[in-house]
Amino acid sequence: MSIPPPIDGLAKDERLGEPVSVHDPRTENPRARTWLVVLGLPGLVLLPFTVRFLIHGFGWATVLSVLLTIGYLGAAGRILLRDVLPGYGKVVYLYGNGLILADRGDMKVFAWDAIKEMRVSGVRIGSSETVSWRCVLVRADSTEAVVGPEFPGVQDVVEAVSSAVTERLLPKYISRVETGGSVRFGPFTISREGITKDDEQVPWPQVASVEISNGMVYMNRRDRTAGMTATAGEVPNAVAFSELARHVQRVQTE
């Protein structure tokens, strides 16, 4: 596992613990180097002719040569910076106590204790078993980071973050509800009385289950077929929501 010294130093300063994994899209995109050659080679071949045409002024040939050279070398340069050169592009460094999202020279640290909100969506691609994962992390200072399907092993990142964030937030949510308060999760609100969505409250005895499946959050009812639903992306800390619902329901119906 190769971690650049600036990332390693930042992780130690923020006390993120031991490194767990590195998720670099460039390692999963071997075609980038192929396209670099396909686009860069013609541009380099055209370059001396373009310079000669500019010096001697061959009219339309000069214009065409300049446009082609700029197009080829510009596209190759973009691929080189974004997908090939180290130190460029987005990379996720996962640690025991947080993660670092590096994007060129910008490095954002997300310690588990500093994350106040996590939004996760996972959608199956067509009829396959492959799931396209995406999560948005929000720190207490409102700094955001997006980790999407472009990162290899993104599901591992999502599961690690979700588990760590839920472990830290759930006790706070339980305490708030047990002392008579409520906790809002996007369109849902949990209290000792039940689950509320769109001004409709379902008492705990009528709640059958709370599930997260295929990018959706479901609250199933005992008294009717239609329950309450929302996309997982609408429900921050959706896993904590489902765990809190199970806990409060168990306490209130015993």
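The values are calculated or read from the model by the stated rules, or taken from the named source; none is laboratory data. Just so you know, these numbers come straight off a predicted model, no measurement behind them. Cβ atoms come from the backbone with ideal geometry, glycine included; neighbour counts cover every protein chain shown.
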- residue 212, sole failed condition from (1) farther than 19 Å from residue 167 by Cα; (2) hydrophobic (A, V, I, L, M, F, W, C); (3) surrounded by fewer than 20 Cβ atoms within 10 Å (Cβ to Cβ): (1)
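For residues in the stretch 220-236 being surrounded by 15 or more Cβ atoms within 10 Å (Cβ to Cβ) and assigned to a strand (DSSP E or B), which is farthest from the chain's Cα centre (by Cα)?
221
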- Task: Check off (1) touching a Pro at 6+ places or on another chain (Cβ under 7 Å); (2) farther than 13 Å from residue 118 by Cβ for residue 185 and give me the number that stays unchecked.
- Result: (2)
- Out of (1) surrounded by 15 or more Cβ atoms within 10 Å (Cβ to Cβ); (2) not assigned by TED's automatic domain parsing to the domain that holds residue 222, what's the single condition that is false for residue 163? (1)
- Message: Of the conditions (1) exposed (fewer than 15 other Cβ atoms within 10 Å of the Cβ); (2) in the same structural domain as residue 217 (by TED's automatic domain parsing); (3) closer than 17 Å to residue 215 by Cα; (4) not polar (S, T, N, Q), residue 181 satisfies every one except a single condition; which number is it?
- Response: (3)
- Message: Can you find, within the stretch 111-156, the residue that is modelled with the highest pLDDT among those that are out of contact with any strand residue (DSSP E or B) (no Cβ under 8 Å at 6 or more places or on another chain) and among the hydroxyl-bearing types (Ser, Thr, Tyr)?
- Response: 142
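Hey, among 217, 210, 239, which residue is touching a residue at least 12 places away in the same chain (Cβ under 8 Å), in a helix (DSSP H, G or I) and on the phi < 0 side of the Ramachandran plot? Before you say what the answer is, go through the steps one by one.
Values: 217 fails: in a helix (DSSP H, G or I); 210 fails: in a helix (DSSP H, G or I).
So the residue among 217, 210, 239 that is touching a residue at least 12 places away in the same chain (Cβ under 8 Å), in a helix (DSSP H, G or I) and on the phi < 0 side of the Ramachandran plot is 239.
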